[in-house]
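*Asks:* Please read through the structure below; I'll follow up with questions.
The values are calculated or read from the model by the stated rules, or taken from the named source; none is laboratory data. Since this is a predicted model, take the numbers as computed values, not measurements. Don't worry about glycine lacking a Cβ; one is built from the backbone with ideal geometry, like all the others, and counts go over all protein chains shown.
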Amino acid sequence: MPKSEYIVLLLLLKHKQSKAIPIQQVKLILNNLTAPNVLALIEQVRERLAQVQQALGTPGTISPTSSMIPPAGSYTIALSVGSTGDDVTALQNFLKAQGADIYPEGRVTGYFGLLTKKAVQRFQTKYGIADEDDPGYGFVGPKTRAKINSLLGLFIGI
């Protein structure tokens, strides 16, 4: 563990034992909280959460990996046929992890094509989000994103 993370963890533990942290310690924490450090800590927490969920057998969750999480930290943008990029790649990794009943082809290309659309439709059907009569069927809209975020233990704004 890098020294800065170790210091932050020690200070946080010390804080739990007392009611206040001296200003010098607060400054030290703030000086060591860079974006990469915070993102690394968040990833460690997510990995540990997945381990705990798996050990407890928490229903409806999967073990998230960084390859399933879009750059924004959660699913926040609409995705449909023709979409491309890292968000689509994360979606495809997520769908692949759902199993062969959802995404039997398991192709991760970064392009939202017909195979990805079919996988999204299977996912939506499995979780009662949409069916073939709904206009959002095969489209990663608000309800689908909310379910994916929930299954991954992600929160909007992280």
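*Asks:* Keeping to region 122-141, report how many residues are closer than 14 Å to Leu91 by Cα and either at pLDDT below 95 or of a type outside the set (D, E, K, R) (or both).
*Replies:* Looking only at that region, the number is 6.
*Asks:* For region 121-150, which positions are in contact (Cβ under 8 Å) with a residue 24 or more places away in the chain and over 16 Å from Pro70 (Cα atoms)?
*Replies:* Phe123, Lys126, Gly138, Phe139
*Asks:* Just to be sure before I move on: is Ile148 in a loop (DSSP other than H, G, I, E, B), among the aliphatic types (A, V, I, L, M) and either modelled with pLDDT under 95 or farther than 21 Å from Leu49 by Cα (or both) in the structure I sent?
*Replies:* no
*Asks:* Just checking, how many residues over region 87-111 are surrounded by fewer than 19 Cβ atoms within 10 Å (Cβ to Cβ), among the basic types (Lys, Arg) and under 20 Å from Ser74 (Cα atoms)?
*Replies:* Total meeting the criteria: 0.
*Asks:* Additional query: Under 8 Å between Cβ atoms, which residue pairs at least 6 apart in sequence (or on different chains) link something in region 97-114 that is on the phi > 0 side of the Ramachandran plot with a partner that is assigned to a loop (DSSP other than H, G, I, E, B)?
*Replies:* Final answer for the pair search is Gly106/Ala100; Gly110/Gly85.
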